[in-house]
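First the structure, in the form of structure tokens, and then the observations on it.
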Amino acid sequence: MKESDVEALIAEIDLNDNKQIEFSEYLKMMKSFVKEGKETTFTKLTTKKGSTLFRVGDFSSSFSSFSEEERSAFVRVINTVLKDDSVCQKYLPINPDTMDIFTILKNGIILCKLINKAFAGTIDERVINIKENMNIFLMAENLKLALTASKSIGCQVINIFPETIMEEKYVLVLGLLWQIIKLIVLKEVNLKNHPQLIRLLKEGEVLGDLLKLNPEDLLLRWFNYHLTNAGYDKKINNFGNDVKDSEKYTILLNQLNKDLCDKSALQESDHTTRAKKVLDNSKKLGVESFITPKDITNGNIKLNILFTAAIFNQCHGLDPPTEEEQYEAAKLLNDDVEGSREERAFRMWINSLGLPDLYVNNLYEESKSGVLLLKVIEKIKPGNINWKKVDETSNNKFKKVANCVEAVEACKKAGLSIVGVGGTDVHDGNKKYILAIVWQLMRAHTLQVVGNKTEDDLLKWSNSMVPKDNQIASFKDKKLKNSLFFIHLMSAIEPRAINWDIVVQGNLKNIIIFYR
């Protein structure tokens, strides 16, 4: 090519006029090469249903694709939720129209911060490396921390390693990013934060039925609730094809605020124009949409979930519960502090197991059918369940109790101590018994992870790692209360983990150091 040809090509491809060729621009340039029949090791940039999919790879190998629209929307969410974080200021705002996000994620800081936005306190931010020019080892530490934390909050991190993010494996990185962002935008969609959701109960349902629903299903039910109240006879079953014509969005926004959001969009035959009016109306309500009209018309499920959640979080339009309804909700939601802490820990553990199509929102309610416990038992102690006796779609009390009985029997076959617990106890949602069962499953799994060891093996190993004065007789030893045992154990594994200047012998304040 002549120099003038190169300059002309760059001028055509440099869409943001920054005198640099971003990766997305580079792929578009490669597309023009393919069109002209010139040899290249890149495949074409393809378009499916109007969405831009980047397909990278040579003609002889497999390729991966990712959505430019999703990448841009995810970046906008990140810019919004982390805008007030002092540590992240040097990385924000990220340009949503470039590939910068993949480079910025490589040091792990943004990922760790996002995880804490999804579940506050998941990562102690004092252990995040935030130096200016981090080496690859410090970056890997941050990424290991982020991936471990991601798994603990229920994200699927199969085949994702620190190297995956450092090498900018676009599809896998965006997949992880979506899981975290989804948890962030949907974390308020629950009865605890919005007791008004009690309005979504259907005839014959009890409050426990709502507690079983995941946030996405609650959003669907909330959307349909307002469509029904608006006298609209159609419903949505998904956030894809059912909303791509923007008709239902228009009705929803009008129902939420008739003064600010009119229904003039329904007069538009062009779906893109109609979608633009929907986004304009949402801005009048103060909604941060993160998406574009094309994202709606393409029926992109992920981006429509983002949009719907943003609407809900800004203006749910539900009447407050009555005093009696609040009392009923309090009985289910206001557990004792210790019980709530254990339920959350066990729920997160189950979510970290990577069981397909399973995410626990409420341990007690979702254990009542027996299916949840059966799936966990099969994962931890396979072969102890007679699945012919199990009805995974049980719709009445008798079948659910039968499932619970099978779960209890499977625990006994697996060698767990299930004394005085019956299937009806599980079905009735007895918190004490459910926690006892899950605790033993979690204990068995932990011992498997460390190589099918026993507690005696762990006790012997850990005592061999700490000074004699700090050794313990059992894991119930009162000496554990000052945390010196754990501090010495961690120091034996990684000396840099402990700052001995702030360790006080025999002081309960060491507990704080242990958690740090």
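The values are calculated or read from the model by the stated rules, or taken from the named source; none is laboratory data. Computed from a predicted model, the values in this text were never measured in an experiment. Quick reminder, even Gly has a Cβ in these numbers, built from the backbone with ideal geometry, and neighbours come from all protein chains shown.
Listed by first and then second residue, the pairs linking a residue in the range 421-434 that is among the β-branched types (Val, Ile, Thr) to a residue that is in a loop (DSSP other than H, G, I, E, B), with Cβ atoms under 8 Å apart and 6 or more places separating them unless they lie on different chains, are Val426/Lys368; Val426/Gly370. Evaluation of Arg126 against the conditions (1) more than 12 Å from Cys112 (Cβ to Cβ); (2) surrounded by fewer than 20 Cβ atoms within 10 Å (Cβ to Cβ) shows that the sole unmet condition is (1).
Restricting Leu253, Leu260 to those that are part of a helix (DSSP H, G or I) and either touching a residue at least 12 places away in the same chain (Cβ under 8 Å) or within 29 Å of Leu82 (Cα to Cα) (or both) reduces the list to Leu253. Among the residues of the range 444-467 satisfying the criterion of being touching a residue at least 12 places away in the same chain (Cβ under 8 Å) and not hydrophobic (A, V, I, L, M, F, W, C), which is farthest from Lys381 (Cα to Cα)? Per the stated criteria, the residue is Pro467. Would you call Leu219 within 15 Å of Thr308 (Cβ to Cβ), buried (at least 16 other Cβ atoms within 10 Å of the Cβ), within 17 Å of the chain's Cα centre (by Cα) and in the same structural domain as Ile301 (by TED's automatic domain parsing)? Here the answer is yes, as Leu219 does meet what is asked.
Quick check: anything in the range 457-470 buried (at least 16 other Cβ atoms within 10 Å of the Cβ), in contact with a helix residue (DSSP H, G or I) (Cβ under 6 Å, 6 or more places away or on another chain) and not aliphatic (A, V, I, L, M)? For the range 457-470, residues buried (at least 16 other Cβ atoms within 10 Å of the Cβ), in contact with a helix residue (DSSP H, G or I) (Cβ under 6 Å, 6 or more places away or on another chain) and not aliphatic (A, V, I, L, M): present. Remark: pairs (first residue in the range 184-199, modelled with pLDDT of 90 or more; second residue basic (Lys, Arg) and part of a helix (DSSP H, G or I); Cβ separation under 7 Å; 6+ apart in sequence or on different chains) = Ile184/Lys117.
Among all residues of the range 232-240, there is none that is assigned by TED's automatic domain parsing to the domain that holds Phe290, among the acidic types (Asp, Glu) and under 16 Å from Ile301 (Cβ atoms).
Against the test of being more than 23 Å from Phe398 (Cα to Cα) and either in a loop (DSSP other than H, G, I, E, B) or in the same structural domain as Asn403 (by TED's automatic domain parsing) (or both), the options Lys476, Lys481, Lys460 yield a single qualifying residue, Lys476.
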